[in-house]
Amino acid sequence: MIPKDPVMLLSFLNLKLRDFYVDLDNLCDDLDVDKSEIEQKLQQIGYSYDKGRNQFV
């Protein structure tokens, strides 16, 4: 289960991306979460996925 709070979700995802996944697609597939839903939730607090950095910035 992933955090519902956007700030906690940001921290959780960036940690997972840094330590365990090569990109957001792999993370979403592995955790069985909707990529667009995650991206929309983090856009609400001003963050978007940067593929080159493999993190939300």
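Between 13, 9, 31, 27, which is touching a strand residue (DSSP E or B) at 6+ places or on another chain (Cβ under 7 Å) and either loosely packed, with under 11 Cβ neighbours inside 10 Å or not β-branched (Val, Ile, Thr) (or both)?
Working: 9 fails: touching a strand residue (DSSP E or B) at 6+ places or on another chain (Cβ under 7 Å); 31 fails: touching a strand residue (DSSP E or B) at 6+ places or on another chain (Cβ under 7 Å); 27 fails: touching a strand residue (DSSP E or B) at 6+ places or on another chain (Cβ under 7 Å).
Only one candidate qualifies: 13.
Against the condition loosely packed, with under 11 Cβ neighbours inside 10 Å and touching a strand residue (DSSP E or B) at 6+ places or on another chain (Cβ under 9 Å), how does residue 48 come out, does it pass?
Values: loosely packed, with under 11 Cβ neighbours inside 10 Å: yes; touching a strand residue (DSSP E or B) at 6+ places or on another chain (Cβ under 9 Å): yes.
In short, yes.
For every residue, the table says whether it meets (1) at pLDDT below 95; (2) assigned to a helix (DSSP H, G or I); (3) of a type in the set (S, T, N, Q).
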site: 1; (1), (2), (3): yes, no, no
site: 7; (1), (2), (3): no, yes, no
site: 13; (1), (2), (3): no, yes, no
site: 17; (1), (2), (3): no, yes, no
site: 22; (1), (2), (3): no, no, no
site: 33; (1), (2), (3): no, no, no
site: 45; (1), (2), (3): no, no, no
site: 52; (1), (2), (3): no, no, no
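The values are calculated or read from the model by the stated rules, or taken from the named source; none is laboratory data. A quick note: this is a predicted structure, and the numbers were derived from the prediction, not measured. Note that we place each Cβ from the backbone using ideal geometry, even for glycine, and neighbour counts take in every protein chain shown.
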